[in-house]
Amino acid sequence: MRNKMCVTAVFVAIAATGALAQQGFRQTDRLMTRAENSARAIEETKAELQRTLEAYNSMFDGTAKDPRRAYTGSLRGVDRALKRVADVQKRLGEMQIEADKYFADWTTSLDAMLNQDLRRRSEMRRDETKAGYDNIHQAAQKAAAEYETFIGNFRDQLTFLGHDLNQSSISSLKEDAVKLNGEAAVLFNEADGSMNVIRTLIDQISPVGGVVQGG
């Protein structure tokens with residue numbers, strides 16, 4: 001009777017492990033999707049700001065056929081970029097929710113492991129992955145905050161020109177515009193870094209044959 005009970009317990013444990021594995025795949029896919037959405041939101045914000053800067057710069061390099069149109073286009077672009085930053089924050093929040101579930105499920109799955117050596121090694125991999133994720137999330141949050149700071153500086157320059165859009169005013173702001181472009185170069189480089197580390201996380205946790213679905 002005891003042997004029969006032991007066999008039954010083993011089968012129950014195996015069944016539970018299989019169910020946890022399937023849940024693990026689904027949770028991994030959800031985290032990968034949220035991570036990719038975050039990277040895409042950062043990328044789209046960068047692209048919006050690049051387009052806006054091009055319009056803005058055209059007032060200073062003499063390529064703008066209609067400075068007023070370039071100005072209004074820049075103002076609208078800044079507003080769109082600010083909305084995209086809000087989307088970045090939203091996507092990062094969604095990624096954090098899925099990450100919390102992902103690591104909680106991983107911890108739960110450890111209880112189903114009978115081999116103590118494998119359990120210890122899995123715990124180590126979980127801790128390493130979580131530490132890496134925490135660094136990635138902090139970097140992405142930093143990028144979002146720096147976007148907001150940059151847009152604030154950009155808006156100040158547009159406000160300066162708002163009631164004084166003439167060649168003299170544009171010339172007086174040229175050095176500030178050059179500085180703004182320098183800040184943009186640093187910001188865009190950091191944004192690229194954030195996108196790359198997020199996608200490195202996706203590669204790290206991606207199951208063999210896994211495909212990220214948008215959503």
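Readers should treat all values here as calculations from the given coordinates under stated rules, not as data from a laboratory. Since the model is a prediction, treat every value here as computed from it, not as a measurement. Ideal geometry is used to build each Cβ from the backbone, glycine not excepted, and the neighbour counts take in all protein chains shown.
For the reader, a short list of remarks on this structure follows.
- Qualifying residue in the stretch 115-128 (condition: buried (at least 17 other Cβ atoms within 10 Å of the Cβ) and part of a helix (DSSP H, G or I)): no
- Top-ranked residue of the stretch 50-76 - restricted to ones that are surrounded by fewer than 19 Cβ atoms within 10 Å (Cβ to Cβ), among the polar types (S, T, N, Q) and under 30 Å from the mean Cα position of the chain (by Cα), ranked as farthest from Asp156 (Cα to Cα): Gln50
- Residues being among the acidic types (Asp, Glu) and over 21 Å from Glu175 (Cα atoms) - total across the stretch 43-65: 3
- Test: residue in the stretch 90-103 that is closer than 30 Å to Phe25 by Cβ, in contact with a Leu (Cβ under 6 Å, 6 or more places away or on another chain), in contact (Cβ under 8 Å) with a residue 60 or more places away in the chain and among the charged types (D, E, K, R): yes
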